[in-house]
Amino acid sequence: MTALALDAANVSITLAGRPVVRRVDLRVAVGEFVTLLGVNGSGKSTLVRACVGLLPLASGTVTIFGSAVGSLRDRRRIGYVPQRATASSGVPATVDEVIMTGRLAHRRLAGWPTRSDRDAVAAALHQVGLTERADDSVARLSGGQQQRVLIARALAGGADLLVLDEPTAGVDAGTQAVLASVLEDLVAQGVTVLLVAHELGPLASLVDRAVVLRDGRVLFDGPVPEVPSGPESLAHDHPHSGQPIRAGGLHGEGIWR
Amino acid sequence: MVNLLDYDFMRRALLAALLTGLAAPAIGTYLVQRRLALLGDGIGHIALTGVALGLLTGRAPLLTAVIVAALGAVIIELLRAYGRTSGDVALALLFYGGIAGGVVITGLAGESAATLNSYLFGAITTVSDSDLRIVVALAIVVLTLGVGLAPQLFAVCQDEEHAEVSGVPVRAYGLLIAVLAAVTVTVSMRTVGLLLVSALMVVPVATAQQVTRSFRSTFATAMAIGVIASVSGVVTSFHADTAPGPTIVLIALAGFVVAAPVGAFAARHRHRSEPFSEPDETSVIDAHDLSESHPHEHGPRCGHVAVSHGDHVDYVHDGHRHAAHGSHYDEH
């Protein structure tokens, strides 16, 4: 049996008395790239927030690398990109300072960042293409660039499991391309990825498996349907057959609706 | 010219002002970062009940105030963290309870309004040796924790959820910030008074961030501004015969009035020097690739896979996606 990076078994989550996730199983093997899809309110964000230990479970268990998420001692193994519109707070902070918080699990309680902390931050900055902006205030960056800062913060920790909650929501094409190239590198390094998304765009080719939620239940779990897009698709002189592209579960009312 | 340091009470006042000027903006930076700028105000009101309890029981008001203020701060933080009520409502509840309780209990203790005033607006020149010892000890605790735990406190205030996933005990740090704020309020009580203490926590931070762009420089600049305002406020009040607490606050506000246009000018200058920022969201929205015409209209029965895409549905069409737009289809 393949080793599991994340094993959410029979998970139910209740928010303010309302069941939001109902008896969901979500297994992600080590090195796998899984995307969690679904419309707003389908429970996908709630499920990943519970998987990283931010929300209590009404039932079921979540295990990360073999330990219950609540008692996972080595937090360095999880990198988390929360769903946030901005990377800024009430006080100015530089790009470098925000990304350095991604090293917290590596650092001692007090003291200056070590050489390896600074190297990891520099590498993460380089990966997302923000090296030039390291000393700028995050509040001065565009929305897409701030999203890259959040991604770099998760990269700086050097996690084995990266959980990204809608990092592509409302960001520019440049950031989507940066994210695709960053994730491609990580997949090549054997990092496990769980990505919550509305649409995959340039990430679609990286995904091993898609899990689609609707009304808090798993509607589909299998290989991602091929939906490439791009300028090359403009030129297509083929007969319109009207035939379904894929048979079975993907046809009809549309699994993603 | 009169040498201020010849007077015992002025030496004590200046030392208290120095420590208050350092501690209040240090904790204030974290409060502003968490968007809880008014927490200091709420705690100040609660501390008044603590002062009144001290007056009633004959104990040092500074000590009873620190205990009651810390308890109040913990309650506010718990109400906020566990979502029983929003942060500002939690604050308001304790705000009113604190001030009403303070006035009632002071009355029961047989103390006059003048006594209450010295706590509400500060009475730095009446700081006694024993008061000073408590102020010094508490200020050292606040500064040591506020500066020493800066990486953790910054991370918690910047993004609580990310910090929690990183294994930082965010609830404990949230309580620590609340208690440190309560201690700071009590430390500053004799300097600027409970009604104005929040000004010394927030105004130097607001002033600093007009001209800074990093957290570290905001933190350090706010503390420098706090010290300058506090010490010069005490000196000015001695010469001009004004109330020290409000003088300190007015000097701090004057600093903000000077810094705000400087910050606005610097921001405009930066904007001019880099007028073309990187392409943003609009570039995606503007992309509008038209598809060729269709022999049929896409719909639930056309046979193409439907993909929900924001506010509309795309149809997968031989390897790309079509979205209806007026009389034609767009490539998505």
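Read-outs: derived from the displayed coordinates by stated rules, not from any lab. A quick note: this is a predicted structure, and the numbers were derived from the prediction, not measured. When we count neighbours, we look across all protein chains shown, and the Cβ atoms used for this are built from the backbone with ideal geometry, even at glycine.
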**Prompt:** Using r as the Cβ-Cβ distance of B:Leu253 and B:Tyr82, and R0 as 45 Å, what FRET efficiency do you calculate, to the nearest 0.05?
**Reply:** 0.80
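R0 = 22 Å: FRET efficiency of B:Ile228 with B:Arg11, Cβ-based, nearest 0.05? Each step should come with its number before you reach the end.
Numbers: r = 19 Å, r/R0 = 0.84.
Once rounded, the FRET efficiency stands at 0.75.
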**Sequence-distant residues sharing a close amide H with A:Asp136 (under 5 Å, placed H)** = A:Val95, A:Asp96
**Asked** For B:Glu111, which sequence-distant residues (separation of 5 or more, or a different chain) have an amide H within less than 5 Å of its own amide H, given hydrogens modelled in the peptide plane?
**Response** none
**Prompt:** What angle, in degrees between 0 and 90 and rounded to the nearest 10, separates the Cα long axis of helix A:143-156 from the longest principal axis of the Cα atoms of chain A?
**Reply:** 70 degrees
**Exposure proxy order (Cβ contacts within 10 Å, fewest to most) of B:His239, A:His126** = B:His239, A:His126
**Asked** DSSP loop trypsin sites (Lys or Arg not before Pro) in the stretch A:72-121 with at most 14 other Cβ atoms within 10 Å of their Cβ, which ones?
**Response** A:Arg73, A:Arg108
**Request:** DSSP loop (so not H, G, I, E, B), at most 11 other Cβ within 10 Å: list which chymotrypsin sites (Phe, Trp or Tyr not before Pro) in the stretch B:70-163 pass both filters.
**Result:** B:Tyr82
